[in-house]
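S.K.: The structure that follows is given in the form of structure tokens.
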Amino acid sequence: MFYILYMKNIYEVQRANKIKSFFIVTFFAVFVALATYVLVRALGIYSGYMPGNLGIVGIALFVSGISSFFGYYYSDKIVLGISGARPANRNNDFVFYTVAQNISIGAGVPVPKLYVIPDSAPNAFATGRDPKHAVICATTGLLEKLDRTELEGVIAHEISHIKNYDTRLMSVVSVMVGLIALLGDWLMRASWFGGKSDDDNRSSTSSIFLVVGIVFAILSPIIGQLIQLAISRRREYGADAGAIEITRQPSGLVSALIKISSDKEALEVANKATAHLFVSNPFKDKNQGSVGWFADLFNTHPPISERIKALKSMA
Amino acid sequence: MIYVLFAILVILIFWVISIYNFFVSTKTRVGASIQEIGNQLKRQSELIPNLEASAKGYLKHEKGIFDELTSARKQISSAVSSGDVNKMADAGKMLSDVLPKIQVIVESNPEIKANELVKSLMDELRDTSDKIMYARRLLIDLTADYNVKLVTFPSSVVAGIFRFEKLKGLETSEEGDKLKVTEAEAKTPKINL
């Protein structure tokens with residue numbers, strides 16, 4: 001209870017966030033390395049092709065990388081294509097347009113390309129591989145329901161995602177998760193067909209690797225995804241703190257989050273691939289409160305109540 | 001051994017380059033934010049007369065507001081022509097103090113509230129004064145970053161070699177009239193119930 005009493009300022013929050021984020025990302029990297037090693041060793045035993053360990057990783061990395069590369073490089077175009085967005089202009093979307101300009105001035109980044117998604121559920125997201133190719137989309141619902149101060153909070157949240165290179169990090173992370181999933185999948189197939197070597201040919205270390213490999217093949221894609229989600233949630237706290245650093249007005253983002261979360265509509269254009277980009281979880285969880293931390297494990301965003309608590313501590 | 005020394009040298013050179021680039025690019029960005037403040041002030045001084053012209057008919061008995069608006073406009077145009085950052089920032093602040101007062105009047109007057117032109121002029125003015133606020137804040141942050149790197153080790157060594165000088169930026173409230181409390185302000189306010 002003591003941590004509630006201890007008020008942190010923005011800079012302390014940001015520091016703590018960066019450290020936590022660093023640890024999660026490091027842990028993720030170690031986990032990916034370990035899982036890859038075990039899976040490749042097990043695969044090597046099945047295929048009887050020991051020196052080719054790196055070769056297998058190479059192929060897997062290539063396959064998982066190529067799909068993500070397109071996602072990463074053309075993420076803006078793909079997402080915009082899916083969402084049916086139209087470009088914003090100064091006359092029709094005066095508040096959105098000028099607020100984005102102002103926040104960009106404050107954050108010292110180029111003004112992102114702005115798009116409006118015709119959807120009455122209030123939400124917004126950012127994408128693009130770096131600040132120069134950034135895109136921010138807002139739904140018409142968001143623009144209608146929020147006032148200027150609230151919109152400043154939301155746009156500042158998106159711009160700090162852009163400034164922190166969160167979209168880039170999440171792309172790399174998803175390549176890695178894809179890599180583990182592929183390797184695990186291949187191992188399962190290889191074990192199905194039995195491999196060519198005889199039982200008595202195997203040393204005890206190879207059989208250990210086989211058992212551990214199967215366990216990893218089953219568990220590591222799930223674990224990898226859970227860590228991916230943890231990174232995504234940590235980054236949300238980071239973007240909230242970054243937004244406050246730009247606007248210096250926690251109340252704007254707080255009341256925007258309350259408005260967004262109290263809205264009952266789910267965003268139609270969102271899918272699982274784009275969920276982590278939005279300012280709040282686009283799938284309204286129906287089981288909120290009843291399942292607790294276990295359901296939270298599978299969310300791209302922290303619960304709104306937690307975020308508001310963190311924001312208020314900075315006020 | 002020679003390779004290790006060589007590697008260290010390469011790393012050192014890259015480090016010096018990155019510090020040098022930090023100083024140069026921050027200086028440029030400070031210049032850009034000053035420019036931004038100037039541009040927005042110019043825009044304001046063009047918008048204010050329009051607002052006055054279109055709202056005057058509705059607000060005959062709100063003369064005080066117009067006087068404030070006029071003096072804000074005068075201060076803005078003199079600040080822009082002087083080119084002094086501190087004056088410009090102050091002038092921007094003056095307008096952002098007047099705007100909420102006009103907003104209150106507009107909100108309470110349905111006739112003027114319905115006027116699209118007044119509404120869009122108010123929106124534009126609010127936007128320019130927000131832009132000035134953000135540019136001002138960025139200017140303060142950048143100058144602070146720059147000046148801290150300038151005096152802290154080891155970046156101070158690089159700054160010394162290339163003779164980077166302290167940036168003035170905006171005057172902070174450490175000095176000047178803002179900190180003085182006048183006699184009138186120090187008095188306990190009388191409240192008549």
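Coordinate-derived values only; no laboratory data. This one's a predicted model, so the numbers in the text were calculated from it and none came from an experiment. Backbone-built Cβ (ideal geometry, glycine too); neighbour counts: all protein chains shown.
S.K.: What spacing in nm lies between the two simple spin-label points modelled at B:K166 and A:A29, each 7 Å away from Cα in the Cβ direction?
M.R.: With each label placed 7 Å out from Cα toward Cβ, I get 4.0 nm.
S.K.: What residues have an amide H closer than 5 Å to that of A:A88, excluding those fewer than 5 places away on the same chain, when H is modeled at 1.01 Å from N in the peptide plane?
M.R.: Sorted by chain and number, the residues that satisfy this are A:L114, A:Y115, A:V116.
S.K.: Can you give the FRET efficiency to the nearest 0.05 for B:S78 and A:S120, using r as the Cβ-Cβ distance and R₀ = 41 Å?
M.R.: For R0 = 41 Å, the calculated efficiency reads 0.25.
S.K.: Quick query: amide H of A:A134 versus all other amide H atoms, modeled in the peptide plane; which residues come in under 5 Å with a sequence gap of 5 or more or a different chain?
M.R.: For A:A134, the qualifying residues are A:K113.
S.K.: Same structure, new question: When the chain is fully extended, how far beyond the present Cα-Cα distance does B:S25 get from B:S156, taking 0.36 nm per residue of separation? Before the final figure, lay out the partial values.
M.R.: Numbers: separation 131, 0.36 × 131 = 47.16 nm, distance 1.63 nm.
45.5 nm is the gain from fully extending B:S25 to B:S156.
S.K.: What FRET efficiency would be calculated for the residue pair A:V111, B:I8, taking the C-beta separation as r and a Förster radius of 41 Å, to the nearest 0.05? Please report the intermediate quantities before stating the final value.
M.R.: Working: r = 41 Å, r/R0 = 1.01.
Using R0 = 41 Å, I get an efficiency of 0.50.
S.K.: Along each of the three principal axes of the Cα atoms of chain B, give the extent in whole Å, ordering the values from largest to smallest.
M.R.: 85, 43, 30
S.K.: Can you tell me how much longer the chain between A:S251 and A:Y165 gets when fully stretched, taken as 0.36 nm per residue apart minus their C-alpha distance, in nm with one decimal?
M.R.: Result: 28.4 nm gained on full extension.
S.K.: When Lys and Arg each count +1 and Asp and Glu each count -1, what net charge do the other residues less than 11 Å away from B:D127, Cβ to Cβ, add up to?
M.R.: +2
S.K.: Here's another thing I want to ask about it. Taking 7 Å along the Cα-to-C-beta vector as the label spot, tell me the B:K42-A:K259 distance in nanometres, rounded to one decimal.
M.R.: 3.4
S.K.: Over what distance in Å are the Cα centres of segment B:122-174 and segment B:71-96 separated?
M.R.: 19
S.K.: Over segment B:2-169, calculate the relative contact order: mean separation of alpha carbon pairs under 8 Å at least 6 apart, over the residue count, as a percent.
M.R.: Values: 131 pairs, mean separation 57.1, N = 168.
Relative contact order here is 34 percent.
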